[in-house]
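Here's the structure, in structure tokens; my notes come after.
The values are calculated or read from the model by the stated rules, or taken from the named source; none is laboratory data. Worth saying up front: this structure is predicted, and the values here are computed from it rather than measured. A quick note on method: Cβ atoms are made from the backbone with ideal geometry, for glycine too, and the neighbour counts reach across all protein chains shown.
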Amino acid sequence: MSKCKVIAVANQKGGVGKTTTTANVAIGLARNGQEVLVVDFDPQGDLTASLGWKNNDALENTVSTMLDDYINDKEIHYPSLILTHSEDVDVIPANIELADFEMRLVSVINREHVLRSCLEPLRNRYDYILIDCTLL
Ligand SMILES: Nc1ncnc2c1ncn2[C@@H]1O[C@H](COP(=O)(O)OP(=O)(O)OP(=O)(O)O)[C@@H](O)[C@H]1O
Ligand SMILES: [Mg+2]
């Protein structure tokens, strides 16, 4: 069984420190020798930008590409998707393309499990996967 802990950082209120918490907890865990992946799940892409990818709209592969591949039965190419931050934290970035994803998921069966399924193959690589959520 995978020892990976997957933690969603979520709150109904905006601007309460979700992104800041995700980044700092991730970096703290990595400094303690844990293998950490953060997933930016907010179309604002603040986590991606705060970790150094300021021009995130130029990124070809993001969390929305990953979800898109999954729902279209395409193979997800994780190596081109996952970025590595200098603090030894891996990052699945996001940009504005995630904004309309909810609409595209409407007709997908088991849509509430899509992100879980996409992350499943990564669970044996990481001790922690932290997801920076958008507003609920
Ligand atoms: N513990 C803290 N103490 C003081 N300021 C903080 C703290 N955590 C975050 N902030 C500040 O609060 C602001 C909002 O933080 P952050 O972007 O992390 O919130 P968020 O919940 O991710 O926002 P959003 O809902 O837009 O995604 C930022 O300016 C950040 O620097
Ligand atoms: Mg945020």
>> Would you confirm, using the coordinates I've provided, whether Asp90 is outside any loop (DSSP other than H, G, I, E, B), touching a strand residue (DSSP E or B) at 6+ places or on another chain (Cβ under 8 Å) and closer than 28 Å to Gly15 by Cβ?
In response: yes
> Regarding Met66, is this residue more than 17 Å from Thr20 (Cα to Cα) and without any contact (Cβ under 8 Å) to a residue 12 or more places away in the chain?
Replying inline: no
> Which one is farthest from Glu97 (Cα to Cα) among residues in the stretch 1-28 that are away from ligand 2 (no atom under 16 Å from the Cβ) and free of Cβ contacts under 8 Å to residues at least 60 places away in the same chain?
Replying inline: Met1
>> Considering only residues that are out of contact with any helix residue (DSSP H, G or I) (no Cβ under 9 Å at 6 or more places or on another chain), at pLDDT 95 or above and within 21 Å of Gly14 (Cα to Cα), which ones fall in the stretch 93-136?
In response: none
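If we keep just the residues of the stretch 64-87 that are of a type in the set (Gly, Ala, Ser) and part of a helix (DSSP H, G or I), which is farthest from ligand 1 (Cβ to nearest atom)?
From the stretch 64-87, those of a type in the set (Gly, Ala, Ser) are 64, 80, 86; that's our starting set.
Restricting the remaining residues to those that are part of a helix (DSSP H, G or I) gives 64, 80.
Details: Ser64: 17, Ser80: 26 Å.
Among them, the one singled out is Ser80.
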>> I'm checking my understanding of the structure. Among residues of the stretch 30-54 that are over 15 Å from Cys133 (Cα atoms) and buried (at least 19 other Cβ atoms within 10 Å of the Cβ), which one is nearest to ligand 1 (Cβ to nearest atom)?
In response: Leu51
> Does at least one position in the stretch 29-39 carry a residue that is aliphatic (A, V, I, L, M), assigned to a strand (DSSP E or B) and within 13 Å of ligand 2 (Cβ to nearest atom)?
Replying inline: yes
> Restricting the stretch 40-63 to residues that are part of a loop (DSSP other than H, G, I, E, B) and among the small types (Gly, Ala, Ser), which is nearest to Pro93 (Cα to Cα)?
Replying inline: Gly45
> Do you know which of the residues in the stretch 1-28 that are within 13 Å of ligand 1 (Cβ to nearest atom) and in a strand (DSSP E or B) is surrounded by the fewest Cβ atoms within 10 Å (Cβ to Cβ)?
Replying inline: Ala8
